[in-house]
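Please read the structure below before turning to the comments.
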Amino acid sequence: MLHAISRAPLRVCPVAKNCLAEAYLNQLLRADPRVNVLNLKQYADCAPSRRSGVVFVIDQFGLDMPLYDCLKQLRGQCPEAKFLVLDHHKSRDEIVRILIMGAHGYVPHADATTMLVRAISCIVANQLWVPPEVLSDFLREVNCVLRRDAHARQTTTPRENEILELMRRRLSNREIAGLLDISVSTVKFHASNVLSKLHAKNRRELSEATRQNLWEMQSQ
């Protein structure tokens, strides 16, 4: 983990599936005197200038919408907001996907009582709260995007490049459709063209080829 912890007051807005889950989060958060808890209505009633600096704690378990939809909606209300995802144990790949969607950290439910406020403080200090090995994976994925191979640039259209970027980040067709505001069938059409042009049979093969190209470039 990164440990640049903020000692400033913390403004936090929990997002959970129901009032009981939200009450549990409130109990954990209010145990620390630095935390000022807002509910979604109080946040919506804030003037735009008062919304900055808020950390949304999103309990993904049982959430009634996909995580990327939730993040997109909240980010539309406050582009400067930060997001911490709380859920059951996730794999490294799943945590990387959470970061790619725009979250700033992840805490498993089992560690919430000891880590939740520390994670929020870290995020307020402009750090990511994830295990070091996940951060390394995430940075490699970012590097893949920044150093996309010239062949893809030459053979794919601008829209296919967008799809390719998101496929490499392991987003599903539905998640890509939501981020680009297009239909799932359109995503499937472009994804099929991308795989064909890059001579990949499936997304896993495309991802493996991307990683191999990245390691070759880094070793030169």
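The values are calculated or read from the model by the stated rules, or taken from the named source; none is laboratory data. Remember, predicted model here, so these are calculated numbers, not experimental data. Glycine gets a Cβ as well: all are built from the backbone with ideal geometry, and neighbour counts include every protein chain shown.
Scan segment 65-83 and give yes if some residue there is within 23 Å of Leu20 (Cα to Cα) and touching a Pro at 6+ places or on another chain (Cβ under 9 Å), otherwise no.
The answer is no; no qualifying residue exists.
Go through segment 6-39 and count every residue that is basic (Lys, Arg) and under 21 Å from the mean Cα position of the chain (by Cα).
Qualifying residue count for the region: 2.
Just checking, how many residues over segment 9-50 are touching a Cys at 6+ places or on another chain (Cβ under 6 Å) and outside any loop (DSSP other than H, G, I, E, B)?
Residues meeting the conditions: 1.
Before we move on, is Glu162 under 18 Å from the mean Cα position of the chain (by Cα), modelled with pLDDT of 80 or more and not assigned by TED's automatic domain parsing to the domain that holds Ile95?
Yes.
So is Ala177 modelled with pLDDT under 85 and under 28 Å from Leu195 (Cβ atoms) or not?
In short, no.
Can you find a residue in segment 52-67 that is in a helix (DSSP H, G or I) and aromatic (Phe, Trp, Tyr)?
no
Could you list all residues from segment 164-183 that are on the phi < 0 side of the Ramachandran plot and in a loop (DSSP other than H, G, I, E, B)?
Answer for segment 164-183, where residues must be on the phi < 0 side of the Ramachandran plot and in a loop (DSSP other than H, G, I, E, B): Arg169, Leu171, Ser172, Ile182, Ser183.
To keep it simple, each residue is scored yes or no on (1) hydroxyl-bearing (Ser, Thr, Tyr); (2) closer than 18 Å to Leu10 by Cβ; (3) in the same structural domain as Arg168 (by TED's automatic domain parsing).
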| residue | (1), (2), (3) |
| --- | --- |
| Ala47 | no, no, no |
| Arg50 | no, yes, no |
| Val57 | no, yes, no |
| Gln77 | no, no, no |
| Glu94 | no, no, no |
| Ile98 | no, no, no |
| His104 | no, yes, no |
| Thr114 | yes, yes, no |
| Ala119 | no, yes, no |
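Among all residue pairs at least 6 apart or on different chains, which show Cβ distances below 6 Å where the first residue, located in segment 107-136, is without any contact (Cβ under 8 Å) to a residue 40 or more places away in the chain and assigned to a helix (DSSP H, G or I) and the second is buried (at least 17 other Cβ atoms within 10 Å of the Cβ) and of a type in the set (Lys, Arg)?
From segment 107-136, no pairs qualify.
Take the conditions within 22 Å of the chain's Cα centre (by Cα), assigned by TED's automatic domain parsing to the domain that holds Arg168 and either assigned to a helix (DSSP H, G or I) or at pLDDT 75 or above (or both) and apply them to Leu195. Does it pass?
no
Restricting the search to segment 36-87, which residues are among the small types (Gly, Ala, Ser) and touching a residue at least 24 places away in the same chain (Cβ under 8 Å)?
Selection gives Ala44, Ser52, Gly53, Gly62, Ala81.
Of the residues Arg34, Arg11, Arg30, Arg97, which single one is in contact with a helix residue (DSSP H, G or I) (Cβ under 8 Å, 6 or more places away or on another chain) and basic (Lys, Arg)?
When all the criteria are applied, what remains is Arg34.
Would you check if Leu71 is part of a helix (DSSP H, G or I) and more than 25 Å from Arg174 (Cβ to Cβ)?
When the stated conditions are applied, Leu71 does not pass them.
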